[in-house]
Amino acid sequence: MVVELKVADESDAQRWDELVARSPHGTIFHNWQFLKTVEKYSGTKLYPIMGLVKDEVEALLPIYSGKKSIFRMASSPPPWMAVPYLGPLIIGYGSTHQHEVEKYYYGFQEKVDEFLEKEVKPHYTVIATPPGLEDVRPYTWNGYTPTPLYNYITDLSQDEADIWKGIKKKTRQNITKTQREGLVMELGGLDEVGKIYESVNDRYREQGRTQPVPLDYIEDIYREYKDNLFVYTARKDGEYVSGHVDVCYKDKVSSWVGSAKVSMKGVYPNDMLAWEAKKHAKEEGYRYYEVIGANTPRLSPYKNKYNPRPELNFQVKKCSSAMVSVAEGSYKIMNSILGKVKK
């Protein structure tokens with residue numbers, strides 16, 4: 001089976017998005033304009049690669065090239081852009097014979113590596129696969145080292161009462177108390193995106209850190225994908241208290257940016273928002289609610305109290321030499337890939 005590569009351009013944008021929608025693992029982050037907006041603000045070059053077999057597109061991989069210190073890097077996604085995963089999409093995955101899928105998956109990645117070596121010559125390549133694409137053997141066969149990553153996911157097809165009962169008792173009490181104190185959830189717009197960003201910024205400053213994700217980037221994503229974003233805010237007497245922005249695509253809503261720590265005696269606005277966001281997603285007809293990032297022991301107790309299940313994806317990486325393998329630790333790409341505040 002001969003796999004040929006094509007680097008897509010603007011004339012392929014509509015077809016690209018149609019293929020993302022068809023792929024069982026396609027995410028909003030794979031959509032054409034999302035990719036181009038990331039390129040604009042990340043200081044990297046996007047290679048939206050199509051893998052073709054007999055003129056039929058069988059795979060997609062958006063990959064970015066850039067420099068970190070003295071090292072050339074190929075990444076999918078690039079760091080610091082609040083994109084938790086990206087990686088390859090195998091269009092017929094799950095609906096085509098396994099032997100066919102493995103042939104073009106493996107062949108596609110071989111061709112991608114040849115392309116990168118010729119065009120980018122990366123010292124370091126790192127790819128975070130989308131949730132559900134759990135077969136990373138084509139990467140290990142091509143010399144990559146896989147590391148499991150996790151998010152949390154809640155099945156919203158359950159009755160609302162059952163979802164509520166699954167939440168940790170203390171958290172249920174916090175939510176009820178917060179609502180009794182007059183805090184409510186309201187949907188917001190672009191102005192609230194700015195307020196959420198500033199609350200995240202404040203939290204970074206408290207920790208002596210700099211917010212890596214630019215506000216203009218978040219606002220551009222909002223303008224282009226307004227119908228795929230929910231802006232949740234907690235308010236008391238009409239005043240903004242806290243908030244977060246979620247992305248929605250296909251049958252899933254995913255936490256994205258916000259929920260910075262709030263210190264208010266006796267109330268728990270972020271607990272309330274987490275519950276209200278799940279309720280709203282269910283009411284809007286979504287099947288799943290995803291909380292991104294379940295890889296930090298310090299944060300897991302906050303995220304797992306809503307009784308989600310862990311959801312698997314992978315980081316795969318390849319270094320061009322032992323020296324670079326050591327040097328990669330200096331900038332810890334994946335440790336900060338979400339660009340989100342630590343609680």
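Bear in mind these aren't lab numbers, they're just calculated from the coordinates by the rules spelled out. Note that this is a predicted model, so its numbers are computed, not measured. Note that we place each Cβ from the backbone using ideal geometry, even for glycine, and neighbour counts take in every protein chain shown.
The phi torsions of the stretch 13-19, fed into the Karplus equation with coefficients 6.51, -1.76 and 1.60 and a -60° offset, translate into couplings of 4, 5, 4, 4, 5, 5, 5 Hz, rounded to whole numbers, with Gly and Pro shown as x.
Taking Cα atoms only, the orientation of helix 169-180 departs from the longest principal axis of the chain by about 60 degrees. Mean separation of Cα pairs under 8 Å and 6 or more residues apart, divided by the residue count, gives the stretch 56-148 a relative contact order of 33 percent.
Each label point was placed 7 Å from the Cα along the Cα-to-Cβ direction; for GLU117 and ASP17 their separation is 3.7 nm. Based on C-alpha pairs under 8 angstrom that are at least 6 apart in sequence, the stretch 157-286 has a relative contact order of 30 percent.
For the chain, the relative contact order works out to 23 percent when only alpha carbon pairs closer than 8 Å and six or more residues apart are counted.
Across the stretch 97-103, computed HN-Hα scalar couplings (Karplus, 6.51 cos²θ - 1.76 cosθ + 1.60, θ = phi - 60°) run 3, 4, 5, 6, 4, 5, 4 Hz from first to last residue, x flagging Gly and Pro. Distance from the C-alpha centroid of the stretch 227-290 to that of the stretch 89-151: 33 Å, rounded to the whole angstrom. In this structure the amide hydrogen of GLY132, modeled in the peptide plane, comes within under 5 Å of the amide hydrogens of LEU312, none closer than 5 places in sequence on its chain. Rounded to whole numbers, the Karplus 3J(HN,Hα) couplings from phi for the stretch 271-285 are 4, 4, 5, 4, 6, 5, 5, 5, 4, 5, 4, 5, 4, 7, x Hz, using 6.51 cos²θ - 1.76 cosθ + 1.60 with θ = phi - 60°, and x at Gly and Pro.
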